[in-house]
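Enquirer: Take a look at the following structure, please.
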Amino acid sequence: MRYLILSDVHGNLEALHAVLAHANDAGWDHLLVLGDLIGYGADPNAVVVTIRDIAPRAIVRGNHDKVGAGLEPAAGFNPSARAAITWTRHSLTPEVMDWLSALPMGPLTVDDVCVICHGAPFDEDEYLEDNRDFRRASTHVTAPVCFFGHTHVPVAWQGANGQTRLLWPSREAEAQVVDVRTGGWLINPGAVGQPRDGDARASYAIFDAARGEVTLARVPYDVQTAQEKIRRAGLPERLALRLALGQ
């Protein structure tokens with residue numbers, strides 16, 4: 001079983017298309033989605049419909065999905081994020097709005113091998129950013145691998161025998177393979193639509209459950225077109241500029 005794992009597409013259709021094309025060449029069986037399909041980017045409806053039509057094996061909502069669907073206020077969002085999610089909410093079709101509203105919260109058990117969530121397995125809105133966060137999260141996970149998103153930074157963390165190991169994928173390589181057969185892994189595939197690790201390439205993962213391997217991959221996409229769409233939509237210029245910087 002090979003799972004394609006996507007997180008934080010954030011309305012970036014160009015990045016999503018590039019990732020799907022790249023992943024299709026590698027081959028995969030089922031899709032897992034870790035939330036935040038919308039927000040920031042200019043193609044929220046097209047992104048949601050693309051993901052919906054693939055029929056993910058499992059999907060959880062993100063904080064932007066909740067706010068965009070009107071389930072929560074944007075009180076905790078910064079000004080750019082608030083402006084983008086307000087525009088997004090008014091741009092969503094009723095059909096897409098209903099679909100987003102029905103997305104489940106994480107964590108969600110996919111099978112006996114992996115669990116997915118958006119932020120943390122103990123709180124869908126929490127960020128997992130350092131060893132303290134990861135150690136706390138690991139006590140809430142029983143499956144060998146937990147996939148999470150929210151930070152937009154690809155990372156693989158393992159706690160074994162009381163030791164912690166934080167592994168950051170190379171920013172020069174196209175892919176990095178992580179052996180997860182030992183269990184105890186927390187893995188963020190990075191953001192499809194808005195990377196924030198200084199690498200502008202879209203990020204995703206493929207989990208080969210039979211081999212016990214997770215491949216963290218990066219793929220370039222048409223950043224300029226995504227930027228132009230943001231500008232034409234009248235969204236904050238910062239949201240366009242950051243795509244080229246991977247921030």
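Enquirer: Out of curiosity, is A42 farther than 22 Å from A102 by Cβ and touching a Phe, Trp or Tyr at 6+ places or on another chain (Cβ under 7 Å)? It would help to see each step written out before you state the result.
Expert: Working: farther than 22 Å from A102 by Cβ: yes; touching a Phe, Trp or Tyr at 6+ places or on another chain (Cβ under 7 Å): no.
Criteria not met by A42.
Enquirer: A further question on this structure: Which ones in the stretch 1-51 are more than 22 Å from P121 (Cα to Cα), in contact with an Asp or Glu (Cβ under 6 Å, 6 or more places away or on another chain) and in a loop (DSSP other than H, G, I, E, B)?
Expert: M1, G11
Residue by residue, here is whether (1) assigned to a loop (DSSP other than H, G, I, E, B); (2) modelled with pLDDT under 95; (3) within 21 Å of G39 (Cα to Cα) holds:
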{"site": "R165", "(1), (2), (3)": "no, yes, no"}
{"site": "R171", "(1), (2), (3)": "yes, yes, no"}
{"site": "G183", "(1), (2), (3)": "yes, yes, no"}
{"site": "G193", "(1), (2), (3)": "yes, no, yes"}
{"site": "D197", "(1), (2), (3)": "yes, yes, yes"}
{"site": "A200", "(1), (2), (3)": "yes, no, yes"}
{"site": "L216", "(1), (2), (3)": "no, no, no"}
{"site": "Q224", "(1), (2), (3)": "no, no, yes"}
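Enquirer: Here is a further query. Select from the stretch 98-143 the residues that are assigned to a loop (DSSP other than H, G, I, E, B), acidic (D, E) and surrounded by fewer than 16 Cβ atoms within 10 Å (Cβ to Cβ) and list them in ascending order.
Expert: Initially, the stretch 98-143 is screened for residues assigned to a loop (DSSP other than H, G, I, E, B), giving 102-107, 110-113, 117-119, 121-122, 124-130, 139-143.
Filter again for acidic (D, E), leaving 111-112, 124-126, 129-130.
Once the filter is applied, which keeps residues that are assigned to a loop (DSSP other than H, G, I, E, B), acidic (D, E) and surrounded by fewer than 16 Cβ atoms within 10 Å (Cβ to Cβ), the stretch 98-143 yields D111, D112, D125, E129, D130.
Enquirer: Checking T93 against (1) in contact with an Asp or Glu (Cβ under 9 Å, 6 or more places away or on another chain); (2) surrounded by fewer than 23 Cβ atoms within 10 Å (Cβ to Cβ): exactly one of these is not met. Which one?
Expert: (1)
Enquirer: Hey, I38 hits all of (1) within 19 Å of P195 (Cα to Cα); (2) touching a helix residue (DSSP H, G or I) at 6+ places or on another chain (Cβ under 7 Å); (3) surrounded by fewer than 18 Cβ atoms within 10 Å (Cβ to Cβ); (4) hydrophobic (A, V, I, L, M, F, W, C) but one; which does it fall short on?
Expert: Of the numbered conditions (1) within 19 Å of P195 (Cα to Cα); (2) touching a helix residue (DSSP H, G or I) at 6+ places or on another chain (Cβ under 7 Å); (3) surrounded by fewer than 18 Cβ atoms within 10 Å (Cβ to Cβ); (4) hydrophobic (A, V, I, L, M, F, W, C), the odd one out for I38 is (3).
Enquirer: Looking at the stretch 48-69 only, could you name the residues that are more than 15 Å from H30 (Cα to Cα) and small (G, A, S)?
Expert: G62, G68, A69
The values are calculated or read from the model by the stated rules, or taken from the named source; none is laboratory data. On a predicted model such as this, the values are computed, not experimentally measured, just so you know. Here the Cβ is made from the backbone with ideal geometry for all residues, glycine too, and neighbour counts use every protein chain on show.
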